[in-house]
Amino acid sequence: MIDQLGYHDTRDLRAELTALDAQIARTRAYDTQQTLLRRRPVLVREAAMEDQRLHRLATAVHQAGDLDLGVLAYIVYGPKALPVAPLYEVRLIDENGYTVPGAVRTNLPADRVEKARTELMTVDGPKWARMYGHRWVPSRHRVQTTAF
């Protein structure tokens, strides 16, 4: 899969899901099986999001006409090179430049970006700070928005 920044992601979520299902079927210990079962919906959601991104990219590339040139144009120029409205990812970045855990919103249309930015700064940021015993200082954090 080509991710939103044009880098190739070698993670095969469908293969991971198949392996997880096989592991669940083989596991006889109840606690271990319950732990694996809790991981399954998260992986299913990630796979569905990847499928949605791939379908969107494939549709846009086919509309452009040439498969190879369409993919290269997307990698080099981003979503503005293809006949598709961009989706956005917003993430909360701490003062050290790292993404705050759990503070990422993806697959957002343009009209939902501002609401997501506000929620990251007013809800997710303070929640994360409380969870890890930090003092929330909004001026030390920023929201990064990426179109894909």
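Quick notes on this structure:
- Selection of first residues in segment 44-55 that are in contact (Cβ under 8 Å) with a residue 40 or more places away in the chain and of second residues that are part of a helix (DSSP H, G or I), restricted to Cβ pairs under 6 Å at least 6 apart or on distinct chains, gives the following pairs, ordered by first then second residue: E50/L13.
- Residue list for segment 121-145, filter: more than 16 Å from G97 (Cβ to Cβ) and touching a residue at least 12 places away in the same chain (Cβ under 8 Å): M121, D124, P138
Results for (1) under 13 Å from Q144 (Cα atoms); (2) modelled with pLDDT under 90, shown as yes or no for each residue.
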residue	(1), (2)
I75	no, yes
Y98	yes, no
P101	no, yes
P109	no, yes
L120	yes, no
P126	no, no
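- Tallying residues that are exposed (fewer than 12 other Cβ atoms within 10 Å of the Cβ), in a helix (DSSP H, G or I) and of a type in the set (D, E, K, R) within segment 49-75 yields 1.
- Residue in segment 27-48 that is surrounded by 12 or more Cβ atoms within 10 Å (Cβ to Cβ), touching a Phe, Trp or Tyr at 6+ places or on another chain (Cβ under 7 Å) and not hydrophobic (A, V, I, L, M, F, W, C) present: no
- Total residues in segment 86-116 satisfying the condition of being of a type in the set (D, E), surrounded by 15 or more Cβ atoms within 10 Å (Cβ to Cβ) and farther than 20 Å from A60 by Cβ: the figure is 1.
- Residue that is over 30 Å from V137 (Cα atoms) and either of a type in the set (D, E) or in contact (Cβ under 8 Å) with a residue 60 or more places away in the chain (or both), where the choices are D94, D111, D68: D68
- Scanning segment 82-108 for residues that are over 21 Å from E50 (Cα atoms) and of a type in the set (A, V, I, L, M, F, W, C) returns L92, I93, V100.
- Qualifying residue in segment 85-104 (condition: part of a helix (DSSP H, G or I) and farther than 30 Å from A25 by Cβ): no
- H134 assigned by TED's automatic domain parsing to the domain that holds R45 and not aliphatic (A, V, I, L, M): no
The values are calculated or read from the model by the stated rules, or taken from the named source; none is laboratory data. Here the structure is a predicted model, which is why all the values come from computation and not from measurement. Note: ideal-geometry Cβ built from the backbone for every residue, glycine included; neighbour counts use all protein chains shown.
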